[in-house]
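Asks: Mind looking over this structure? Questions follow.
The values are calculated or read from the model by the stated rules, or taken from the named source; none is laboratory data. Treat the numbers as computed from the prediction; the structure is a model and nothing was measured. Every residue, glycine as well, gets a Cβ built from its backbone with ideal geometry; the counts of neighbours run over all protein chains shown. For accessibility, only protein heavy atoms count, side chains too; no ligands or nucleic acids. Shrake-Rupley method; radii C 1.70, N 1.55, O 1.52, S 1.80 Å.
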Amino acid sequence: MSEENAIDSAIATIQGYISDNQIASKRLLSYLMLFSLFVLTFVMMLFVMPLSIKAPDTLLYGIFAMFIIVFGVLMAVYRFHLNEISRSEHYKMGFLRVRVAANNHNLEGFKTEVRQALTDGAFAYTATSLIGSKDKKVESPLPGHPTSDISVILLNKLLEGMEPKKR
């Protein structure tokens, strides 16, 4: 197998991985919407339709707590798929850069700086965090859940403001 075919095969494999993660993330998002609609419908039934037995408050609090937990876990898994898609897209671009450098090895301009610029750091991927800087003190218990991320940001700012500073 030649180098061009190996690179093309790697690009096709990564594209398949990307499409698999896209399908899984869309499916997960549809499950999340259906679950939310189901819980909303159930709660509305408890309030709108009179039952012979009044629903206790603990049942409503339990349903709300389960909804928050399941919603948070599904959002974290959805964010995982989005991160995998992002990482795979970066690697796909790296293989495309290497393919450009490999296919143009005979051209005069591709023998020095251009080839080095295309190949250096082509696969260097650093995941970025949505929460603050690298020296954060508190990490999100449910990464990807909007309220969890916002509360962690606020908590980190509060703790940062409380640190003793030299005068």
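Asks: Quick check, is THR41 over 23 Å from the mean Cα position of the chain (by Cα), exposed (fewer than 14 other Cβ atoms within 10 Å of the Cβ), modelled with pLDDT of 85 or more and farther than 17 Å from SER88 by Cα?
Replies: Working: over 23 Å from the mean Cα position of the chain (by Cα): yes; exposed (fewer than 14 other Cβ atoms within 10 Å of the Cβ): yes; modelled with pLDDT of 85 or more: yes; farther than 17 Å from SER88 by Cα: yes.
It is true that THR41 is over 23 Å from the mean Cα position of the chain (by Cα), exposed (fewer than 14 other Cβ atoms within 10 Å of the Cβ), modelled with pLDDT of 85 or more and farther than 17 Å from SER88 by Cα.
Asks: Kindly indicate whether any position in the range 60-67 is farther than 30 Å from THR119 by Cβ and modelled with pLDDT of 90 or more. Please lay out each step first, then the result.
Replies: Filtering the range 60-67 down to residues farther than 30 Å from THR119 by Cβ leaves 60-67.
Of the ones still in play, those that are also modelled with pLDDT of 90 or more are none.
Within the range 60-67, none of the residues are farther than 30 Å from THR119 by Cβ and modelled with pLDDT of 90 or more.
Asks: Further question: Got at least one residue in the range 74-96 being farther than 25 Å from PHE123 by Cα and touching a residue at least 60 places away in the same chain (Cβ under 8 Å)?
Replies: From the range 74-96, those farther than 25 Å from PHE123 by Cα are 74-76; that's our starting set.
Among the residues that remain, those that are also touching a residue at least 60 places away in the same chain (Cβ under 8 Å) are: 75-76.
There is at least one residue in the range 74-96 that is farther than 25 Å from PHE123 by Cα and touching a residue at least 60 places away in the same chain (Cβ under 8 Å).
Asks: Would you check if SER86 is part of a helix (DSSP H, G or I), open to solvent by 40 Å² or more (accessible area, probe 1.4 Å) and among the small types (Gly, Ala, Ser)?
Replies: Details: part of a helix (DSSP H, G or I): yes; open to solvent by 40 Å² or more (accessible area, probe 1.4 Å): yes; among the small types (Gly, Ala, Ser): yes.
So SER86 fits the description; yes.
Asks: When you look at ILE68, is it more than 20 Å from the chain's Cα centre (by Cα) and either of a type outside the set (A, V, I, L, M) or surrounded by 11 or more Cβ atoms within 10 Å (Cβ to Cβ) (or both), yes or no? Before you say what the answer is, go through the steps one by one.
Replies: Numbers: more than 20 Å from the chain's Cα centre (by Cα): no; either of a type outside the set (A, V, I, L, M) or surrounded by 11 or more Cβ atoms within 10 Å (Cβ to Cβ) (or both): yes.
Here the answer is no, as ILE68 does not meet what is asked.
Asks: I'd like to check something: does the range 102-115 contain any residue that is surrounded by 15 or more Cβ atoms within 10 Å (Cβ to Cβ), of a type in the set (D, E, K, R) and within 30 Å of ILE23 (Cβ to Cβ)?
Replies: For the range 102-115, residues surrounded by 15 or more Cβ atoms within 10 Å (Cβ to Cβ), of a type in the set (D, E, K, R) and within 30 Å of ILE23 (Cβ to Cβ): absent.
Asks: Scan the range 86-113 for residues that are hydrophobic (A, V, I, L, M, F, W, C) and either over 19 Å from ILE7 (Cα atoms) or touching a strand residue (DSSP E or B) at 6+ places or on another chain (Cβ under 9 Å) (or both) and jot them down. Full working, then the answer.
Replies: Taking the range 86-113 first, the residues hydrophobic (A, V, I, L, M, F, W, C) are 93, 95-96, 98, 100-102, 107, 110.
Scanning the range 86-113 gives a single hit, LEU107.
Asks: I've got another one for you. Does HIS105 satisfy being at pLDDT below 85 and under 23 Å from the mean Cα position of the chain (by Cα)? Even if it seems obvious, please write down each step before you answer.
Replies: Values: at pLDDT below 85: yes; under 23 Å from the mean Cα position of the chain (by Cα): no.
Criteria not met by HIS105.
Asks: Additional query: Looking at (1) in contact with a Gly (Cβ under 9 Å, 6 or more places away or on another chain); (2) at pLDDT 75 or above; (3) of a type outside the set (Gly, Ala, Ser), can you tell me which one LEU142 breaks?
Replies: (2)
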